[in-house]
Amino acid sequence: MSYSTLAQPCQASLTIKKSEFLAFAYPINNKEQIMFHVEHLRQTYPDARHICTAYIIGNPNNTTSAGFDDDGEPNGTAGKPILNVLQHKAIGNCLVAVVRYFGGIKLGAGGLTRAYSNATQAVVDKMILTAFIPTTILTVQMDFANEAFVRHILTSFDAVILSVDYDKLVNLSIEIAENQCQQFEQKLGIYAKIVKTVYK
């Protein structure tokens, strides 16, 4: 099942009652990338009061991994509103971090929730979204004589060859759209066989 994801990082900013909210969005696909981006923001904005985050890894309609961090803001007033916007817009494989500089005027719980939601919406409005299509990694095995034919089939499926191993037989490790696997296997017919499947 495809869903929307971020084509490239983007940012937006809002000022609410003298507090400055800098929102950043990044495409991600693992938790290490989240830590990297948050650490980078901490180094870039060392004097910021809070850096609140939310992320969705995988399909936002069937979330395998999602989370948020209020980073010292009152419980549920920062990370959760950021996550709610991402889920409402059905954006997967995405991290949004909002850097806050306190302006001296307290916003209250409701005001904070709205501020973080609005900052997230502002960065979502700047996003260039692209369809994310789940892929599968297959190992395809064939005789040397059939390699050129199999490579020709691969190009018609827009499959990517990750590695080639020449032994008694040829083993191609390829990445292909999940929804094309069955059709691809039928096309291979008697010329090659799939010996290993890894769902990403």
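The values are calculated or read from the model by the stated rules, or taken from the named source; none is laboratory data. Here the structure is a predicted model, which is why all the values come from computation and not from measurement. We place every Cβ from the backbone using ideal geometry, glycine too, and count neighbours over all the protein chains shown. For the accessible areas, the whole protein counts, side chains as well, though only heavy atoms, and no ligand, DNA or RNA atoms are used. Shrake-Rupley method; radii C 1.70, N 1.55, O 1.52, S 1.80 Å.
When only the heavy atoms of the protein chains count and the probe is 1.4 Å, how do 162, 86 rank by accessible area, highest first? Please report the intermediate quantities before stating the final value.
On the way: 162 85, 86 0 Å².
In descending accessible area the options line up as 162, 86.
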### Task
Work out how far the C-alpha atoms of region 90-129 reach from end to end along every principal axis, then list the three figures in whole Å, largest first.
35, 18, 15
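Cα-based Rg of region 64-200 per 2.2 N^0.38 Å, rounded to two decimals?
On the way: Rg = 23.7 Å, N = 137, 2.2 N^0.38 = 14.3 Å.
In units of the globular-protein estimate, region 64-200 measures up at 1.66.
Quick check: at a probe of 1.4 Å, how many percent of the accessible area of the chain sits on carbon and sulfur atoms?
Working: 5470 of 10850 Å².
Carbon with sulfur: 50 percent of the solvent-accessible area.
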### Task
Return the lysines within reach of residue 106: Cα separation strictly under 27 angstrom, same-chain partners fewer than 8 residues apart disregarded; answer none if there are no such residues.
17, 18, 80
## Note on the structure
In whole angstrom, the spacing between the Cα centers of region 9-29 and region 107-167 equals 25 Å
### Of 129, 21, 72, farthest towards positive along the dipole that unit charges on Lys, Arg, Asp, Glu beta carbons give region 1-134
21
### Task
Using only the alpha-carbon atoms of region 124-200, report the extent along each of the three principal axes, biggest first, to the nearest angstrom.
54, 22, 19
### Message
Using only Cα atoms and rounding to the nearest 10 degrees, what angle (0 to 90) does helix 108-124 make with the longest principal axis of the chain?
### Response
40 degrees
### Neighbourhood net charge (13 Å Cβ-Cβ; Lys/Arg +1, Asp/Glu -1) for residue 144
-2
### Query
Between 58, 92, 103, which gets the highest mean-square fluctuation from a Gaussian network model of the chain, Cα cutoff 10 Å?
103
## Note on the structure
Rounded to the nearest 10, the angle in degrees between the Cα long axis of helix 31-44 and the longest principal axis of the Cα atoms of the chain comes to 40 degrees
### Task
Provide the per residue accessible area, probe 1.4 Å, for the chain, rounded to a whole number of square angstrom.
54 Å²
### Task
Compute the acute angle (0 to 90°) between the alpha-carbon long axis of helix 147-156 and the principal axis of greatest extent of the alpha-carbon atoms of the chain; round to the nearest 10°.
40 degrees
### Message
Can you tell me, using C-alpha contacts under 8 Å and at least 6 residues apart, the relative contact order of the chain as a whole percent?
### Response
24 percent
### Task
Please build a GNM for the chain, connecting alpha carbons under 10 Å apart, and tell me which residue among 49, 151, 100 fluctuates the most.
151
#### Entry: For residue 4, solvent-accessible area (1.4 Å; no DNA, RNA or ligand), Å²
40 Å²
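Based on Cβ point charges of +1 for Lys and Arg and -1 for Asp and Glu, what charge dipole magnitude is obtained for region 28-169 about its Cα centre, in debye rounded to the nearest 20? Please report the intermediate quantities before stating the final value.
Details: 11 positive and 13 negative charges, 140 e Å.
About 680 debye.
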